[in-house]
1. Say R0 is 45 Å: what FRET efficiency, to the nearest 0.05, do residue 394 and residue 86 get from their beta-carbon distance?
2. Quick one: Karplus J couplings for segment 14-21, per residue in order, coefficients 6.51, -1.76, 1.60, θ = phi - 60°, nearest Hz, x for Gly and Pro?
3. Quick check: pseudo-label points 7 Å beyond the Cα along Cα→Cβ at residue 2 and residue 372, how many nm apart are they?
4. Please work out how much length the chain gains when fully extended from residue 62 to residue 320, using 0.36 nm per residue of separation minus the C-alpha to C-alpha distance, in nm with one decimal.
5. Write down the radius of gyration of segment 5-231 and its Dmax, each obtained from C-alpha positions, in Å.
6. At 0.36 nm per residue, minus the direct Cα-Cα distance, what do residue 140 and residue 111 gain on full extension? Give it in nm, one decimal, please.
7. For segment 206-222, in order, what is each residue's ³J(HN,Hα) by Karplus, 6.51 cos²θ - 1.76 cosθ + 1.60 with θ = phi - 60°, in whole Hz (x at glycine and Pro)?
8. Counting other beta carbons within 10 Å of each Cβ, put 111, 295 in order, fewest first.
Amino acid sequence: MKLTAEQRIERAHVRLMQNPDFCLFSGVFMVGKVTVSEKCKSARTNGRDVEYGRAFVDMLTDKQLAFLVVHEAMHKAYRHMTVWKHLPDKQVANWAMDYVINLQIRDTDPSETEVAMPRDPQTGKLIGLLDEKYRGMDTKQVYDLLIEEGKGGEGDEGECEGDGSDGIGHSSSGGGQTDKPSGCPDQLDEHDWEGARELTQVEVEELEREIDSALREGSMLAGKMKGKVPRGIEEILHPKVDWREALREFIKTATRGGDQSTWRRPNRRYLASGIIMPSAETHRAECIAIGIDTSGSIGGPELGRFLGEMKSICDEVAPEKIELMYWDSHVAGHETYSGGELQNIASLTQPKGGGGTEPACVPAYMQKMHITPQCTVMLTDGYFYGDGCGDWSSSNAPVLWCVVGNKNFVPTVGQSVLVE
């Protein structure tokens, strides 16, 4: 019995979810609605929902349909319809996005074991944009090159008219004829800019959260199945951030005091003139809590760099004291530093521990010992036993997790920064 387009798309989703190299997009497939219509020429997305053309799906082989499904998922994963909505020539933006992701899909499965780029069944010509000269570029770089080559349109969203006799794969966003020297390239899909504009700000923000969560879960699944993760997706999930700067900014923001005006003490500068003005009252950081994972995963070099960085930050924010805790399955060591001792924290400290890894012991210990910091910094590899990150509800202080090497770590509380 011949399967319907809807059934074939659903089957493609299942097969891709089971494949190590494409399971990354398992959650992304499920974001938004998937529909099939007679009006759509090929396929299109507004960044959330995907619409497939029935005639186009029926024309494709299973592997070609799988390629198209991944293509739409990558548009969603890269947030193409919101990130690049500011580009003035939407047709060129369409081409640029497709050049980038088609190369990535082909690189993921060069032997076409699971996915194959669609071809015209009569001519055998590829349906879709593919060019090695754009390798390693992002959408904006390709866009700029295409504009420089004179392949821009006249309208805001120029409609493509050219060498595709059946119109399959051409964008139909409307607006004006595209003016290019070499004719219109065959696109694999359309791009629903109008539909993307209709999404409210609340919907866009919710979509961002859904896509981010789906990719992170997919990344963990791909890691377990030893699959590939495209470099562009890696950069989305783990943007390169200098952990030292992130740590510094976190502590300075969390402990920011500043000068406040007080009328309790008149400003002496104006008293001689008979003018009563408030004086400035300075508040500085009181307490910073530091929890260091000593389960065996954090080595001497990492610990030394971390404590050295903490010392330099302390020189800036001048906390009154630091509560330093070494933990594994329990808090194995607790040291308090204040005053001049802060200058020598790296040489005075004596790490303790070496058992399991259960960060839940830190907030429980802080509550028991009545430690109320302005912020808490946890240094760990992010591989835990027990109850995840633990219950921090008793502390109102923000938490930063400095995670050594574990790119897939997502805290259930606070923020995280990757320590390379």
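The numbers here are math on the coordinates, done by the rules we state, and not lab data. The shown structure was predicted, so the numbers you read here are calculated from the model rather than taken from an experiment. As a convention, Cβ positions derive from the backbone with ideal geometry for all residues, glycine included, and neighbour counts pool all protein chains shown.
1. So the FRET efficiency works out to roughly 0.50.
2. 4, 5, 5, 5, 8, 8, x, 7
3. 7.4 nm
4. Stretched out fully, the residue 62 to residue 320 stretch lengthens by 86.3 nm.
5. Calculated on Cα positions, Rg and Dmax stand at 16.5, 48 Å.
6. Stretched out fully, the residue 140 to residue 111 stretch lengthens by 7.6 nm.
7. Working through the residues one at a time gives 5, 4, 4, 5, 5, 5, 4, 4, 5, 5, 5, 5, x, 5, 5, 5, 5 Hz.
8. Taking fewest neighbouring Cβ atoms as first place, the list is 111, 295.
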